[in-house]
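Following: one structure in structure tokens, then a few remarks.
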Amino acid sequence: MNATKAEFHRIRDNAKLNAQAFIDGKFCDASNGARLETINPATGETITTFTHCGGADVDRAIAAARRVFNEGIWSRSAPEYRKEVLLKLANLVEQNRKELAVLESIDAGKTITDCLHEVGTEAVNFFRWYAELADKTFGKVAPTGDDTLALVVREPAGVAGAILPWNFPFLMAVWKIAPALAAGCSIVVKPAEQTPLSTIKLAELIIEAGVPDGVVNILPGLGETTGQAIGLHNDVDTVSFTGSTEVGRMFMRYSGDSNLKSIGLEMGGKSPFIVLDDADINDELIEHSAMAAFWNGGQNCSANMRQIIAEPLVDTFMEKMLNRVSEFRLGDPLDPETTIGSMITKEHKDMVMGYIEKGNQEGANLIVGGNSDLAGYFIEPTVFDNVTNDMTIARDEIFGPVLGVMPVKTMEEALAIASDTDYGLHASVFTRDIDRAISMARKLPCGTVSVNGFSEGDIKTPFGGYKQSGSMARDNGTEALDQYLQTKTIWISTQPVC
Ligand code: NAD
């Protein structure tokens, strides 16, 4: 950690808050002057008000994005140029990481340690990685006879929309913006209404890096106004959405009701963490179990909230895991000693508390946690055991620190329970037997399986869901570019001359 709580407080107190929309290279208010409040969920206090973009602002941003796309100064530029600008942007994010991380922390209630890592390491690497891909993405030449040359080329999709969640505000923005810009698209970005500040700050760096006006537009606002206007717009070619399954469905409908834009969906989960009977319940496994459940206060799409444990190991697992849970420290997210921040809003905290109540009512056994008595929207890490897969707390994505432990007798039972869910984002499997590991990894119906460690993979590997966790689209890896590129065949008939 490279700063103290006092230093982070000083950065917070001196931060110059920019809370305007960013359209066609300029910061501006909404045409109707509308504003919304953003609240620090760790204190319940208003941080500032910010621009709430309406339909007219969305139209203006998309017109700018289309204009610059058609001009070709970004979309048809030499890829080396896009690479150079993205590398400059990566350096600027790195230089400004502390202020960006503090903005992220106060807006989202996330710990400063996580924010610094996500902004200063992960996001910077993302810009660098996609910058390097810009001039290394090739098309194909199809096999033909000598009288034809058949080229398969990849072209930017056009104007992209990015609709973002609040749980990793800056990182999710970068997951979309970096591949879209590398591909040559223009983009309109709608941050979640709870967490606009770090994404708006990014716009200042986008100007400084030299991204042409209109290529990136940031439109803060509500889902049912700003988000819907982007989803239904006839001049948006593709939307990349990260958020709940419920809203993901709406984007499919928006597409059908407008111009059939392509829709990439990254949505929720209810992922299993499976410990087979030959696993070692060592400190490493326990650390993975605790982070799989409680990282980011459980507000994580790939959180492993159904921990399915072989019966003979349950007692040892519970004892060690509860010890580890007691080490979590809730409190001021700007204190580097804090390891769990707050829930995002009061409504969300109340909803999570409602699930804890439901777990008690349906007969699960509350072992630890379940309280929310700090000021701000905090909830203690909460563990239930004797959870069965028909209980509400085992079926719904709670998106808070509520873990259910489920004992099983066999590997087959573990697989059946793990698979019995509407979601399919992630699974972890712990075993020392390589054959069992591979069998489980092959059979689990989800987009990422991590063996002997809780991991979402990294920038090089695609991330996305099966079933109601995702559509065919993937974020990360070279696969993310597919959301922002389209494929063209150029079929050239030739006359052999010798
Ligand atoms: P959400 O679906 O409520 O909101 C996501 C975005 O959609 C926000 O920008 C919101 O303003 C917008 N939106 C809401 N209603 C809309 C509407 N009617 N029309 C258009 N846009 C609308 O999700 P959230 O609460 O911000 O985020 C939490 C969810 O995100 C969880 O389900 C989590 O699992 C998921 N998530 C998934 C991933 C992934 O990569 N799979 C990553 C992070 C979060």
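The values are calculated or read from the model by the stated rules, or taken from the named source; none is laboratory data. Because the structure is predicted, anything quoted here is derived from the model rather than measured. Every residue, glycine as well, gets a Cβ built from its backbone with ideal geometry; the counts of neighbours run over all protein chains shown. Accessible surface areas use protein heavy atoms only, side chains included; no ligands, DNA or RNA. Shrake-Rupley method; radii C 1.70, N 1.55, O 1.52, S 1.80 Å.
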Here's a check for you: in region 299-345, which residue that is free of Cβ contacts under 8 Å to residues at least 60 places away in the same chain and of a type in the set (D, E, K, R) is least open to solvent (accessible area, probe 1.4 Å)? Arg324
For Ser105, all conditions in the list (1) of a type in the set (S, T, N, Q); (2) open to solvent by 10 Å² or more (accessible area, probe 1.4 Å); (3) in a helix (DSSP H, G or I) hold save one; what is the number of the exception? (2)
Of residues in region 464-484 being of a type in the set (D, E, K, R) and open to solvent by 50 Å² or more (accessible area, probe 1.4 Å), the one farthest from Thr137 (Cα to Cα): Lys467
Within region 220-260, work out how many residues are near the ligand (Cβ under 10 Å from one of its atoms), assigned to a loop (DSSP other than H, G, I, E, B) and crowded, with 20+ Cβ neighbours inside 10 Å. 3
Go through Phe384, Phe328, Phe294, Phe378 for me and flag whichever is in a strand (DSSP E or B) and either more than 25 Å from the chain's Cα centre (by Cα) or among the aromatic types (Phe, Trp, Tyr) (or both). Phe384
Being out of contact with any strand residue (DSSP E or B) (no Cβ under 6 Å at 6 or more places or on another chain), outside any loop (DSSP other than H, G, I, E, B) and closer than 30 Å to Gly331 by Cβ is the requirement here; does Glu80 meet it? no
Would you be able to tell me the number of residues in region 41-50 that are farther than 22 Å from Thr226 by Cβ and in a strand (DSSP E or B)? 1
Test Gly264 against the stated conditions and say whether it is of a type outside the set (A, V, I, L, M), more than 30 Å from Ile47 (Cα to Cα) and surrounded by fewer than 24 Cβ atoms within 10 Å (Cβ to Cβ). no
Checking Lys201 against (1) more than 26 Å from Arg82 (Cβ to Cβ); (2) within 21 Å of the chain's Cα centre (by Cα); (3) open to solvent by 10 Å² or more (accessible area, probe 1.4 Å): exactly one of these is not met. Which one? (1)
Among the numbered criteria (1) more than 14 Å from Leu276 (Cβ to Cβ); (2) within 16 Å of the ligand (Cβ to nearest atom), which one does Ala427 miss? (1)
Where residues in region 139-194 are without any contact (Cβ under 8 Å) to a residue 24 or more places away in the chain and outside any strand (DSSP E or B), which of them is surrounded by the most Cβ atoms within 10 Å (Cβ to Cβ)? Gly139
Could you count how many residues in region 418-432 are in contact with a Lys or Arg (Cβ under 8 Å, 6 or more places away or on another chain) and either open to solvent by 10 Å² or more (accessible area, probe 1.4 Å) or polar (S, T, N, Q) (or both)? 4
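Check Glu224, Glu208 and return the single one that is under 27 Å from Asp422 (Cα atoms) and of a type in the set (D, E, K, R). Write out each step before concluding.
Values: Glu208 fails: under 27 Å from Asp422 (Cα atoms).
None of the other options fit; the residue is Glu224.
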Qualifying position, being out of contact with any Gly (no Cβ under 6 Å at 6 or more places or on another chain), closer than 19 Å to Leu219 by Cβ and at pLDDT 95 or above, among Pro196, Pro165: Pro196
Scan region 193-214 and tell me whether some residue there is near the ligand (Cβ under 10 Å from one of its atoms) and of a type in the set (Val, Ile, Thr). yes
Give the residues of region 445-463 that are buried (at least 20 other Cβ atoms within 10 Å of the Cβ) and under 14 Å from the mean Cα position of the chain (by Cα), sorted by residue number. Phe463
